[in-house]
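Below: one structure, written as structure tokens.
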Amino acid sequence: MPDGFFAFQAYGKQRPTLCWGQSLFGDDVMLYRAAGVAFAVLALAGTAQAQKTHKPATPPPPAADAPAAPDAAAVTAADVLREATRAGRATPDGAGLSLVLTSGRHLRMVNNTRGCPRGDQGLDDGNCYRYVLLGDLPEQHAFIVGEDYYEGESLFLVDDRTGRQTGIDGIPVFSPDGSRFFINDDDEANDHDNNIEIWRRDGDGAVIEWAHPWKQVYVEAPALKEIYHVSVSDWSKPETISLAFSSGRRDWDGHLTLGAKGWTLDADWPKE
């Protein structure tokens with residue numbers, strides 16, 4: 001697992017390109033590959049159209065001495081945990097999630113299903129959750145863990161040296177050297193201030209280095225009738241992030257640049 005293994009819940013916002021499978025909650029699972037890291041994306045049925053419009057990518061043939069890669073069509077969120085277990089980064093735990101830190105200490109996260117609906121019992125969301133390993137990124141000294149509720153999810157970056165947990169509001173895309181990561185959260189229903197953030201690793205945690213507030217969206221592109229979505233199209237240079245924007249049927253490009261005064265966002269905003 002030299003490149004890491006990553007799974008996260010996308011709620012229909014991502015545009016995967018590979019395949020479908022079965023997730024922990026019975027939802028559809030999609031896979032896509034970016035920047036050499038394999039991602040397993042748990043998506044809702046609302047993204048079924050993506051399956052029809054995106055054809056599976058053809059991976060390059062493996063080197064003769066390379067280990068066999070898992071069949072993409074068979075990879076699920078459970079496989080992410082299985083790969084981490086094989087690498088000695090997690091251990092089986094039927095009651096939750098048990099991560100193995102670099103010190104050898106186990107960090108155990110225990111599920112709580114007492115409040116999950118069953119029979120005549122209604123939902124108590126505060127007592128209905130379980131932990132899922134969504135990402136194992138040893139080169140970034142990080143695990144990405146989801147605390148899955150009956151409805152919704154919280155995400156955490158867990159440092160693999162100390163076990164420190166840092167709450168994040170979206171899916172991290174890491175810089176080439178792993179010192180920073182980009183997050184886009186374009187779900188207007190979430191209670192947060194920013195739609196784009198750049199975080200910097202700080203010891204065993206992470207801090208927000210730059211943030212783009214929601215209200216700025218309507219200043220930059222007043223012609224848009226819907227919120228725009230943004231994804232990283234290239235981050236091969238540490239100081240420049242190429243971005244792809246979309247809103248409805250409109251698509252445009254932009255970039256974030258790190259200069260002496262910090263990060264600057266520029267884009268070809270729609271005029272009408």
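Report the GluC sites (Glu not before Pro) located in the stretch 96-195 that are in a DSSP loop and have at most 12 other Cβ atoms inside 10 Å of their Cβ, or state none.
Working: sites: 139, 147, 151, 153, 188; in loops: 151, 188.
Answer by residue number: 151, 188.
Where in the stretch 148-165 is the amide nitrogen less than 18 Å from a point lying 7 Å along the Cα-to-Cβ axis of residue 227?
Label zone hits: 152-155.
Semi-axes of the stretch 172-272's equivalent ellipsoid from the Cα gyration tensor, sqrt of 5 times each eigenvalue, largest first, rounded to whole Å?
Equivalent ellipsoid semi-axes, largest first: 24, 15, 12 Å.
Hey, what did the stretch 148-272 get for relative contact order, percent, Cα under 8 Å, at least 6 apart?
15
Give the long-range amide H neighbours of residue 128: residues separated by 5 or more places, or on another chain, with amide H under 5 Å away, using H modelled in the peptide plane at 1.01 Å from N.
115
How about the stretch 135-168: which chymotrypsin sites (Phe, Trp or Tyr not before Pro) there are in a DSSP loop, with at most 16 other Cβ atoms within 10 Å of their Cβ?
Within the stretch 135-168, the qualifying chymotrypsin sites (Phe, Trp or Tyr not before Pro) (loop, at most 16 other Cβ atoms within 10 Å) are 150.
Sequence neighbours fewer than 8 away in the same chain don't count; with that in mind, list the aspartates and glutamates whose C-alpha is under 17 Å from residue 225.
186, 187, 188, 251, 268, 272
Read-outs throughout are calculated quantities, based only on the coordinates presented, and are distinct from any laboratory measurement. Bear in mind the structure is a predicted one, so any value in this text is a computation, not a measurement. Positions of Cβ are backbone-derived with ideal geometry, glycine not excepted, and every protein chain shown enters the neighbour counts.
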